[in-house]
Amino acid sequence: MKDETKLVVAGRSPETNFGIVNAPVYHASTILHSSLKELQQAHKDYTAGKQVVTYGRKGTPTTWSLENAVAEIEGGYRTQVFPSGLAACANAIQAFVKSGDHILVTDSVYAPTRSFCNNVLKRFGVETTYYDPLIGSGISELIRPNTTVVFTESPGSQTFELQDIPAIADVSHKHGCVVMMDNTWASPLFYKPFEHGVDVSIQAGTKYIVGHSDVMIGTVTTTKEHWQTLQAGAHEMGQTAGPDDVYLAQRGLRTLSVRLKQHMENGIKVAEWLKGQSQVHSVLHPALSDHPGHDLWKRDFLGASGLFSFRLNAVSMDAVAAFMDHLELFGMGYSWGGYESLVIYADPSSYRTATTWDNTNPLIRLHIGLEDTDDLIADLKDGFARLDAAK
Ligand SMILES: *Cc1c(COP(=O)(O)O)cnc(C)c1O
């Protein structure tokens, strides 16, 4: 079955739900059983890995509908939902480490994941070393006897370096490390982490899976080998997600392919246009042929999403503000993956430690939504006129 078909059918079972197309929203904590024997059997089945209801936190047909669909489309064994993308990142890591361990994390990682490592993991005696996202198989030099996890994210969601995931995974596996990937940028549709050696794949479902900027949710999908560790870790930390949010996420997933293809097309159009503007120093979009990671993107990815950055020729922050402040179609705010266009300013030099980032050319990140690109480009054009006037 092709991915577009899987997105429609995976995780759905109208035949067991009175013909209802989407899995119903089950609000549940207590699950009643008719006898002690039945209750004990349910727990036994659950422990053996079956999807049976025992307690609301441990899953319902609502959560399975999303989890089973994500697992199938991302190409993993099983999936666990979390209340946010960050909860998914943090809990995926914590499930696989213990005091005294060392982990490797890409220097381009989502900043709150970095904060979790620097604060929470550190308190529990787990040491983090950040690595250059361009390191490839050179990561072997950073692996120590106590290194247990290698956490990748490709491309980085502000700076867009592509990582050679198969090379990193190959070396990491030789040293017994678990390879994780934050796969949010490409979504389960445009990158297949398990075909490239990843063991544990994370989605901030908040972004493209939900697609409408109104729900926080995360997913972690693993290989069969790593499933029990992940699931036990999640349950011990009390992780689940609310049924209404799970419902909206599974509904969003059904239209992911049409949305993402349009985000890709619109994003590339705007990125190409930006390249020709005198105010622009460079455009950081993996699908552009002059992007340093373009060859890796072509080799490993099935498409691009609508998120990329560009760098301005050196200007004052007042000029940056003049550009950003009065954009009409680009909302200024965090997150991305919804149907609408967004803009933020970012200074990667403020958090990088393994690599240096020169902030002479201010970095602006765009999320390109589903609006008409002529309108988006006209809006950006007005912004550049304001920037020129403020210089
Ligand atoms: C947004 C984001 C997250 C965190 O997701 P939340 O749902 O906002 O907690 C994690 N990784 C990446 C790459 C993100 O962009």
Set of lysines near Lys6 by C-alpha distance (under 17 Å), chain-local residues within fewer than 8 positions excluded: Lys192, Lys261
Cβ-based charge dipole, the chain, positive-most Cα from Leu342, Leu189, Leu66: Leu66
The stretch 1-103, dipole about Cα centre (Lys/Arg Cβ +1, Asp/Glu Cβ -1), debye to the nearest 20: 300
Dipole axis of the chain (+1 Lys, Arg; -1 Asp, Glu on Cβ), positive-most option in Ile20, Trp227, Thr353: Trp227
Ordering of 348-356, 169-177 by burial proxy (mean other Cβ atoms within 10 Å per residue, highest first): 169-177, 348-356
For the stretch 1-116: rounded, prolate or oblate by the Cα gyration tensor [a/c cutoff 1.5]: oblate
Lysines with Cα under 24 Å of Lys37, excluding same-chain neighbours fewer than 8 positions away: Lys50, Lys58
Cα gyration tensor, the stretch 324-375 - rounded (a/c under 1.5), prolate or oblate: prolate
Cα-Cα P(r), the stretch 74-253, percent of pairs per 10 Å interval: 10, 41, 38, 10, 1
Cα centroid of the stretch 236-296 to Cα centroid of the stretch 108-135, whole Å: 24
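Kindly work out what percent of the DSSP beta bridges joining two residues of the chain are antiparallel, to the nearest 5.
Working: 24 of 43 bridges.
Close to 55 percent.
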Highest-first arrangement of 117-128, 360-371, 216-227, 286-297, where packing means the average Cβ count within 10 Å: 216-227, 360-371, 286-297, 117-128
Tail beyond 42 Å, pair distance distribution of the chain (Cα, percent): 14
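Let a ≥ b ≥ c be the square roots of the eigenvalues of the Cα gyration tensor of the stretch 256-390; is it rounded (a/c under 1.5), or, if not, prolate (a/b larger than b/c) or oblate? Don't skip to the answer; put the middle values down first.
Working: a/c = 1.64, a/b = 1.15, b/c = 1.43.
The shape class here is oblate.
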Among beta bridges that DSSP assigns inside the stretch 180-301, antiparallel share in %, nearest 5: 60
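Which value in deg cm²/dmol, rounded to the nearest 500, describes the helix-derived mean residue ellipticity at 222 nm for the chain, given -39,500 (n - 2.57) per DSSP H run of n ≥ 4 and division by the residue count?
Working: 13 runs with 143 residues, N = 391.
Mean residue ellipticity, 222 nm, calculated: -11000 deg cm²/dmol.
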For Ser282, distant residues with modelled amide H under 5 Å away: Arg311
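Nearest 5 is fine: what % of DSSP beta bridges in the stretch 74-253 come out antiparallel, could you say? Before the final figure, lay out the partial values.
Values: 10 of 27 bridges.
Close to 35 percent.
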Candidate lysines for bridging to Lys391, where Cα separation is under 26 Å - those fewer than 8 sequence places away on the same chain excluded: Lys275, Lys381
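Kindly rank 262-274, 315-327 from highest to lowest mean number of other beta carbons found within 10 Å of each residue. Walk me through the numbers before you get to the answer.
Values: 262-274: 19.2, 315-327: 15.8.
Those peptides, ordered most packed to least, come out 262-274, 315-327.
Nothing charged except the Cβ atoms of Lys and Arg (+1) and of Asp and Glu (-1): what's the magnitude of the dipole of the stretch 256-390 about its Cα centre? Round to the nearest 20 debye. Present the calculation step by step, with values, prior to reporting the outcome.
On the way: 11 positive and 18 negative charges, 102 e Å.
Dipole magnitude for the stretch 256-390 comes out near 500 debye.
In what sequence do Val97, Val258 fall when counting other Cβ within 10 Å, fewest first? List each step's numbers first, then the result.
Values: Val97 21, Val258 12.
Fewest to most other Cβ atoms nearby, the residues stand as Val258, Val97.
Just so you know, all these numbers are worked out from the coordinates, no wet-lab data involved. What you see is a predicted model; the values in this text were computed from it and never measured. Cβ: placed from backbone, ideal geometry, glycine included. Neighbour counts: every protein chain shown.
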